[in-house]
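Chemist: Take this structure first; my questions come after.
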Amino acid sequence: LNPDFAGLGTTIFTTMSALAAEHGAINLGQGFPDEDGPADIREAAARAVIEGPNQYPPMTGLPALRQAVADHDRRFYGLAYDARDETLVTSGATEALAACLMAMLAPGDEVVVFEPLYDSYLPIIRQCGAVPRIVRLEAPGWNVPQGALAAAFSPATKLVLLNTPMNPTGKLFAGEELSAIARLALAHDAYVLCDEVYEHLVFDGAAHHPIAALPEMRARTLRIGSAGKTFSLTGWKVGYVSGPRELIATVAKVHQFLTFTTPPGLQAAVAYALGKEDAYYASLAASLQAKRDRLAAGLASVGFTVLPAQGTYFLTVLTDGAGPSFATDVDYARWLTVEVGVAAVPCSAFYAGDNPPQNMIRFCFCKKDEVLDAAIARLAERL
Ligand code: PMP
Ligand code: GLN
């Protein structure tokens, strides 16, 4: 067996969801909404499945969805991609990440990546024989340390992997941070892979800006989106990549042997969904912002230090002073799940480097108000 995988544990999201189910805890761990996305999108999928065809769609995605992705990128960001060969449909952002990394990385290449980081990044980078160069962001500001960023680049740098809005921090990379990353990528002739699955989950009137839209960056950047997050349909696993045709062509070569394609009925429905009116996108963000505020107020009221989050489904909190102390965040999250009945994710799961913080956990707020309130009531009883 491949020791890189045989030695790995099960993901923290699966682990905490299973523990929550076992103990009847309210699950604010794994990031998924507890209400399905819009009925008209689900009806479009049902119709497409009934009417067919249900055979293999084109390898790079249904033309209607590739056009919808290109239209979306132009509409929201002024980015011009040719639907025919500068977009690619994948089975979720997870597959998109694997396909892009495998397309760009050769053994010995270095990847600049920010910590805390999403759990699928490092196993794939390492499987490519590439070497992660990790830049740690520090709470509570999560600002990019410019000296450490510059020092992470070397003649072997092939790629910068960036996630904005960022899981688990809720950080939206600032304009000057994106410019600094772009400057370094240009100076080192590196690619940029930007995981933008939370692009529409941005709060307080802020806006997401793709790094691909910065001067000279389009030619070296791949942008990843996911219908799971944009339409509250995380189980659908429909993702998409946009980028210059020279890069997309090789990503498609990987994709053809990872999954080859993605269910056509879901692709047809996502093609319809991406064209939804501005009011849909605005109300998604507004509803999540209200939930963030509701959960943040509740968590603060029971003694957590709640860190600011400008986007995503997530709030991170410091646990010091809230309930008993534990040696690790994993122990704390276990206690919270088993004894208090509220599941959260220990943030050390998002760290690969030495000495991850042991006093930080992540709560997911894309839940019904009554579920958030019930969780706060349980916390208030015990903390
Ligand atoms: N990237 C990030 C940062 C995520 O949080 C997630 C999880 N939802 C993914 C990628 C995977 O997205 P998908 O479900 O579309 O595969
Ligand atoms: N992205 C989701 C999270 O951060 C989980 C996805 C998964 O379970 N793989 O919670």
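Chemist: Please say if the chain is rounded, prolate or oblate, where rounded means a/c under 1.5 for a ≥ b ≥ c the square roots of the C-alpha gyration tensor eigenvalues, and otherwise the choice is prolate for a/b larger than b/c and oblate otherwise?
Modeler: Details: a/c = 1.62, a/b = 1.23, b/c = 1.32.
Here the chain falls in the oblate category.
Chemist: In percent, how large is the relative contact order of the stretch 191-297, given Cα pairs closer than 8 Å and 6 or more residues apart? Can you show the working numbers first?
Modeler: On the way: 107 pairs, mean separation 27.6, N = 107.
Relative CO of the stretch 191-297 lands at 26 percent.
Chemist: Skipping prolines and chain starts, which residues have an amide H placed within reach, meaning under 5 Å, of the one on His188, given they are 5 or more residues away or on another chain?
Modeler: For His188, no residues qualify.
Chemist: For the chain, give the magnitude of the charge dipole about the Cα centre (Cβ charges: +1 Lys/Arg, -1 Asp/Glu; no others), in debye to the nearest 20. Spell out each step's value before the answer.
Modeler: Details: 29 positive and 40 negative charges, 80 e Å.
Here the size comes out at about 380 debye.
Chemist: Taking the chain as a Gaussian network, where each spring joins two C-alpha atoms under 10 Å apart, which residue of Lys276, Lys171, Lys229 fluctuates the most?
Modeler: Maximum fluctuation in the GNM of the chain, among the listed residues, is at Lys276.
Chemist: Considering amide H positions built from the backbone, and no H for Pro or chain starts, which residues 5 or more places from Val342, or on another chain, come under 5 Å of its amide H?
Modeler: Under 5 Å from the amide H of Val342 lie the amide H atoms of Ile26, Thr337, each far enough along the sequence or on another chain.
Chemist: How large is ³J(HN,Hα) for each residue in the stretch 50-66, as worked out from phi by the Karplus curve 6.51 cos²θ - 1.76 cosθ + 1.60 (θ = phi - 60°), to whole Hz, x for Gly and Pro?
Modeler: 5, 7, x, x, 10, 9, 3, x, x, 4, 8, x, 4, x, 5, 6, 4
Chemist: Right, here's the next one. Taking K and R as +1 and D and E as -1, what net charge do the other residues with C-beta under 11 Å from the C-beta of Asp195 add up to? Numbers along the way, then the final one.
Modeler: Values: positive: Arg223, Lys229; negative: Glu196, Glu199.
Summing Lys/Arg as +1 and Asp/Glu as -1 gives 0.
Chemist: Using modelled amide H (1.01 Å from N, peptide plane; none on Pro or chain starts), what sits under 5 Å from the amide H of Thr157, excluding residues fewer than 5 places away?
Modeler: Residues meeting the amide H criterion: Glu110.
Chemist: Simple spin-label model, 7 Å along Cα-to-Cβ: Glu35 to Glu216 in nm?
Modeler: Using points 7 Å along Cα→Cβ, the separation is 4.7 nm.
Chemist: Okay, moving on. Could you size up the charge dipole of the stretch 10-132 around its Cα centre, putting +1 on the beta carbon of Lys and Arg and -1 on that of Asp and Glu, and report it in debye to the nearest 20? Write down the numbers at each step before the final one.
Modeler: Values: 7 positive and 17 negative charges, 45 e Å.
Approximately 220 debye in magnitude.
Chemist: Give, as a single signed number, the net charge of other residues whose beta carbon lies under 14 Å from the beta carbon of Ala99, with Lys and Arg counted +1 and Asp and Glu -1.
Modeler: Numbers: positive: Arg223, Lys237, Lys253; negative: Glu95, Asp195.
My count for the surroundings of Ala99 gives +1.
Chemist: Here's another thing I want to ask about it. So for His188, His23, fewest C-beta neighbours within 10 Å to most, what's the order? Display every interim value, and only then the final one.
Modeler: On the way: His188 17, His23 14.
Taking fewest neighbouring Cβ atoms as first place, the list is His23, His188.
Chemist: Kindly write out, for the stretch 8-23 in residue order, the coupling ³J(HN,Hα) from the Karplus curve 6.51 cos²θ - 1.76 cosθ + 1.60 (θ = phi - 60°), rounded to whole Hz, with x marking Gly and Pro.
Modeler: 7, x, 6, 4, 4, 5, 5, 4, 6, 5, 5, 5, 4, 5, 4, 10
Chemist: Looking at Leu28, Gly170, Leu222, which one has the Cα that reaches farthest to the positive end of the dipole of the chain (charges on Cβ: Lys, Arg +1; Asp, Glu -1)?
Modeler: With unit charges placed on the Cβ atoms, the residue in question is Leu222.
Chemist: Let me ask something else about it. Net charge within 15 Å of Thr15 by Cβ-Cβ distance, Lys/Arg positive one each and Asp/Glu negative one each, not counting Thr15 itself? Present the calculation step by step, with values, prior to reporting the outcome.
Modeler: Numbers: positive: Arg334, Arg362; negative: Glu22, Asp119, Asp329, Asp331.
Here the charged neighbours net out to -2.
Only the coordinates and a few stated rules stand behind these numbers; no lab work does. What you are looking at is a predicted structure, and each value in this text was computed from that prediction instead of being measured. Methodologically, a virtual Cβ is constructed for each residue, glycine included, from the backbone with ideal geometry; neighbour enumeration extends over all protein chains shown.
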